[in-house]
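**Q** The structure's right below; bear with me while I get my questions together.
The values are calculated or read from the model by the stated rules, or taken from the named source; none is laboratory data. Computed from a prediction, not measured in an experiment: that's the story for all the values here. So basically every Cβ, Gly included, is an ideal-geometry build from the backbone, and we count neighbours across all protein chains shown.
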Ligand SMILES: C[S@@+](CC[C@H](N)C(=O)[O-])C[C@H]1O[C@@H](n2cnc3c(N)ncnc32)[C@H](O)[C@@H]1O
Ligand SMILES: [Zn+2]
C-alpha cells in the first residue's frame, strides 16, 4: 500500500468520528473525502488536507472549490450535491472563536516567511535547537522505524523537524499540522513532490485520526495555545499506537510563594508575551495524565530567567556558536540548581518530555 493510502486508512470524519473516508481525486493536490455515515465531506485543497469541524468553517472555500472544479463536478454530480449540501449548512461569516486572535498572529508570521528550499542539514546550535536535539530528537531518531507515521501538532513552519529530523533525510512519513493555513501552505510548497510529507490544517484538540494509529506525536510549545492546556494530552495519547511516543516541550506555571502581582511584574520584564494565549500548562496535572497512560522515558527541566536574559543579550552569538549555546544552557542549569531552589521565580519554567504509551 502507498503511504497515501495508508494515511487515508487512518482518517476519520470530524463530525461523526467514524471511518473510513472514501477519497475521490479531482486532480493533483485536490480531492474530496466523503463520510458515508453522516454525509460530511473534507477537502484536500492545493495539497493541504482541510480537517476542521463544521463550526470552524464558512461557505466561501467550498464555493471556490465548486467553481474551480466545475468540469469534474459536472461529471460527478454526487459530489457536486455533497459539496452544495455542506455549503448550505455552513455560515457565510465565521463567528469569533477562542483561537482566532492567536491564529491571526501566526498566519501573519508564516505568510511573510521566505521560502528556503534545499538540503536540510545545519549546525545544531541555539538555545532552542540544541536542547531539542539532546532531549527529544536523539531519542526519536534511535527509536523510529522505516515508514512510521509521525505527526506534528502546531508545527508552524516545522523549523525544528526540518533541522533535526528532516523527512528528506530520514525515511518516515511526516504528517505536519497547524491551525494556521498559512503555515501549511508554506510547508506544502517547501515539500512539493515529496510522497512522505502530508499537510493538515486542523485543531490540536480535534484530530482527524483513528485512535491507536500514529507511531509518534511531536508537540513543541503548542498545548499552552490550546483552550484546555495540558488536559489535551489525553486526546493526543489516544491517537498513539501502543508503545508510541509523545515528544514535547512546554513551559509550565512556576509554583511561586510570591504574591501574584510581583510574579506578573518580574515575568513581564524577563518573559514578555509574544502572541495571544501565552498562558502555561500545569506540570502536576500533565504528569498525572502521563502516569495514567504510560511512562515518561525522559524529562528535562530548563528555562530560568537567566536563559531568557542571555538569549536577549547574546542571541546572535548563541545561534552561531556551539560553545556559547552550551554556556547559556549551563548557566541556566546553574541558576535552577542554586538560587532557583530557594526562590522559585528563578527555577525552571519549562520542560522536555518523552512519553511512551502503554
Ligand atoms: C509557539 S508556536 C510553536 C511552533 C512550533 N511548534 C515550534 O516549536 O517552533 C505555536 C503554534 O501553534 C499553533 N496553534 C495555536 N493554536 C492551535 C490550535 N488550537 N491547534 C493547532 N495549532 C495551534 C500556532 O499556529 C503556532 O504555529
Ligand atoms: Zn461522518
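**Q** Would you check if there is a residue in the stretch 56-63 being part of a strand (DSSP E or B), closer than 28 Å to residue 222 by Cα and at pLDDT 95 or above?
**A** Taking the stretch 56-63 and keeping what is part of a strand (DSSP E or B), we get none.
The answer is no, given that none of the residues of the stretch 56-63 is part of a strand (DSSP E or B), closer than 28 Å to residue 222 by Cα and at pLDDT 95 or above.
**Q** Could you check how many residues of the stretch 123-163 are under 28 Å from residue 182 (Cβ atoms) and either in a helix (DSSP H, G or I) or within 19 Å of the chain's Cα centre (by Cα) (or both)?
**A** Counting residues in the stretch 123-163 that are under 28 Å from residue 182 (Cβ atoms) and either in a helix (DSSP H, G or I) or within 19 Å of the chain's Cα centre (by Cα) (or both) gives 25.
**Q** Only one of these is closer than 26 Å to residue 195 by Cα and within 16 Å of ligand 1 (Cβ to nearest atom): 65, 51. Name it. Outline the logic, then answer.
**A** Numbers: 65 fails: within 16 Å of ligand 1 (Cβ to nearest atom).
None of the others qualify; the one that does is 51.
**Q** Here's another thing I want to ask about it. Assigned to a strand (DSSP E or B), within 16 Å of ligand 1 (Cβ to nearest atom) and either touching a residue at least 12 places away in the same chain (Cβ under 8 Å) or within 25 Å of residue 241 (Cβ to Cβ) (or both): is that true of residue 32 in this structure? If you could, list the steps in order and put the result at the bottom.
**A** Values: assigned to a strand (DSSP E or B): yes; within 16 Å of ligand 1 (Cβ to nearest atom): no; either touching a residue at least 12 places away in the same chain (Cβ under 8 Å) or within 25 Å of residue 241 (Cβ to Cβ) (or both): yes.
Here the answer is no, as residue 32 does not meet what is asked.
**Q** Is it the case that residue 113 is in a loop (DSSP other than H, G, I, E, B), within 27 Å of the chain's Cα centre (by Cα), surrounded by 12 or more Cβ atoms within 10 Å (Cβ to Cβ) and more than 15 Å from ligand 2 (Cβ to nearest atom)?
**A** Details: in a loop (DSSP other than H, G, I, E, B): yes; within 27 Å of the chain's Cα centre (by Cα): yes; surrounded by 12 or more Cβ atoms within 10 Å (Cβ to Cβ): yes; more than 15 Å from ligand 2 (Cβ to nearest atom): yes.
The answer is yes for residue 113.
**Q** Of the residues 75, 101, only one is loosely packed, with under 13 Cβ neighbours inside 10 Å and in contact (Cβ under 8 Å) with a residue 40 or more places away in the chain; which?
**A** Details: 75 fails: in contact (Cβ under 8 Å) with a residue 40 or more places away in the chain.
Being loosely packed, with under 13 Cβ neighbours inside 10 Å and in contact (Cβ under 8 Å) with a residue 40 or more places away in the chain holds for just one of 75, 101, which is 101.
Residue-by-condition table, conditions (1) within 10 Å of ligand 2 (Cβ to nearest atom); (2) surrounded by 14 or more Cβ atoms within 10 Å (Cβ to Cβ); (3) more than 20 Å from residue 95 (Cβ to Cβ):
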residue	(1), (2), (3)
28	no, no, yes
36	yes, no, yes
48	no, yes, yes
57	no, yes, no
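**Q** Against the condition within 13 Å of the chain's Cα centre (by Cα) and more than 16 Å from ligand 2 (Cβ to nearest atom), how does residue 205 come out, does it pass?
**A** On the way: within 13 Å of the chain's Cα centre (by Cα): yes; more than 16 Å from ligand 2 (Cβ to nearest atom): yes.
Against the criterion (within 13 Å of the chain's Cα centre (by Cα) and more than 16 Å from ligand 2 (Cβ to nearest atom)), residue 205 qualifies.
**Q** Which of the residues belonging to the stretch 11-26 are surrounded by 19 or more Cβ atoms within 10 Å (Cβ to Cβ) and either away from ligand 1 (no atom under 16 Å from the Cβ) or not assigned by TED's automatic domain parsing to the domain that holds residue 73 (or both)? Lay out the reasoning, then the answer.
**A** Filtering the stretch 11-26 down to residues surrounded by 19 or more Cβ atoms within 10 Å (Cβ to Cβ) leaves 11-14, 21, 26.
11, 12, 13, 21, 26, listed by residue number.
**Q** Pull up the stretch 1-29, narrow it to residues that are in contact (Cβ under 8 Å) with a residue 24 or more places away in the chain, outside any loop (DSSP other than H, G, I, E, B) and over 23 Å from the mean Cα position of the chain (by Cα), then point me to the one that is nearest to residue 206 (Cα to Cα).
**A** Out of the qualifying residues, it is 24.
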